[in-house]
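Participant: Mind looking over this structure? Questions follow.
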Amino acid sequence: MGLLSGVLLLPLAPVRGVVWVSDRLVDAAEAELYDPAVVRVQLAELNRSLDDSEIDLARFEREEERLLDILDRKSPLPGVRP
């Protein structure tokens, strides 16, 4: 980047910084959300809730299917790196 373009684009630096930070936050959130260890813990909690009669079988099956789908996917969302 040349000196002139650096000076002209300087007012956009805060916007680019916010975009960069938000991209890092999204990456971290997706990594945590789709982490297999986290999903397995959620499955265990779901099973405990069913065993303790906190949820009914229909809700258990919906949530279990959703969590198993997350585990089966290599890339959870289009354009997201595995």
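The values are calculated or read from the model by the stated rules, or taken from the named source; none is laboratory data. Model, not experiment: these values are computed from the prediction. Heads up, the Cβs are rebuilt from the backbone with ideal geometry, glycines too, and the neighbour counts pull from every protein chain shown. These accessible areas exclude ligands, DNA and RNA; they are computed on the full protein's heavy atoms, side chains included. Shrake-Rupley method; radii C 1.70, N 1.55, O 1.52, S 1.80 Å.
Participant: Kindly list, by first and then second residue, each pair from a residue in region 9-38 that is free of Cβ contacts under 8 Å to residues at least 40 places away in the same chain to a residue that is open to solvent by less than 100 Å² (accessible area, probe 1.4 Å), limited to pairs with Cβ atoms under 7 Å and residues at least 6 apart or on different chains.
Facilitator: Close Cβ pairs satisfying both conditions: E32/V38; P36/L71.
Conditions (1) modelled with pLDDT of 90 or more; (2) out of contact with any His (no Cβ under 9 Å at 6 or more places or on another chain); (3) open to solvent by less than 60 Å² (accessible area, probe 1.4 Å), marked per residue:
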residue	(1), (2), (3)
M1	no, yes, no
S22	yes, yes, yes
L25	yes, yes, no
Y34	no, yes, yes
V41	yes, yes, no
R48	yes, yes, no
D56	yes, yes, no
R73	no, yes, no
R81	no, yes, no
